[in-house]
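Note sheet for the following structure.
The values are calculated or read from the model by the stated rules, or taken from the named source; none is laboratory data. Fair warning: this is a prediction, and the values are worked out from it, not measured in the lab. Ideal geometry is used to build each Cβ from the backbone, glycine not excepted, and the neighbour counts take in all protein chains shown. Areas reflect the complete protein model, heavy atoms only, side chains present, ligands, DNA and RNA absent. Shrake-Rupley method; radii C 1.70, N 1.55, O 1.52, S 1.80 Å.
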Amino acid sequence: MRLIIEPDIGPVSGERGGESDLDRAHRVIDEFLVFVRESHVGNDIIDEIELPVPKSLLVRAFSIVIAAEQRPDVKSLLIKAGMTLAQYRPGLGPRIRITPATSRWRAAPILSKRLAQRLEQTLRAAAEERVGLAETYQRAISRSLN
């Protein structure tokens with residue numbers, strides 16, 4: 001049975017002849033996960049131009065692999081990793097470092113009103129995209145069950 005979730009993820013750099021959509025999707029995700037690990041992304045918000053492959057390609061790759069994965073624990077980890085794509089925003093510019101406060105005594109940084117609004121808009125957009133990604137991955141799972 002061949003599972004088609006989204007349009008073919010298409011050729012990616014270094015594509016090997018005879019490689020299946022699922023194999024290509026795994027390779028794209030592996031490349032993304034190496035990038036995340038090496039760039040110490042954490043909770044930061046980053047311009048999507050820094051991604052090793054286009055964001056839309058990554059969303060499709062995650063949809064394909066999530067739908068094909070049979071192990072619930074691995075499927076859950078894939079969804080979690082795929083949700084981090086919301087941290088990559090178009091046209092963001094410099095990375096926004098998000099670090100949790102480690103002490104209640106830590107002084108909050110003083111932000112200009114404009115910077116505070118930009119941060120709030122960016123965080124809201126990322127949260128909305130997380131919801132959309134969750135729905136995308138859930139649809140992929142539902143289609144794989146039919």
Discussion item. If I ask for residues that are touching an Asp or Glu at 6+ places or on another chain (Cβ under 7 Å), open to solvent by less than 60 Å² (accessible area, probe 1.4 Å) and in contact (Cβ under 8 Å) with a residue 40 or more places away in the chain, which ones from segment 42-69 would you list?
Written reply: Val53, Ser63, Ile64
Worksheet, complete the sentence: Expected output for segment 30-41 (first residue within 16 Å of Met83 (Cβ to Cβ), partner in a helix (DSSP H, G or I) and open to solvent by less than 40 Å² (accessible area, probe 1.4 Å), Cβ below 6 Å, 6+ apart or cross-chain) is Phe32/Leu58
Worksheet item: Does Ala86 satisfy the condition of being open to solvent by less than 90 Å² (accessible area, probe 1.4 Å), more than 21 Å from Asp23 (Cβ to Cβ) and at pLDDT below 95?
Response: no
Practice prompt. Scan (1) farther than 22 Å from Asp21 by Cβ; (2) assigned to a loop (DSSP other than H, G, I, E, B); (3) at pLDDT 90 or above for the single condition Ala108 breaks and write down its number.
Written response: (3)
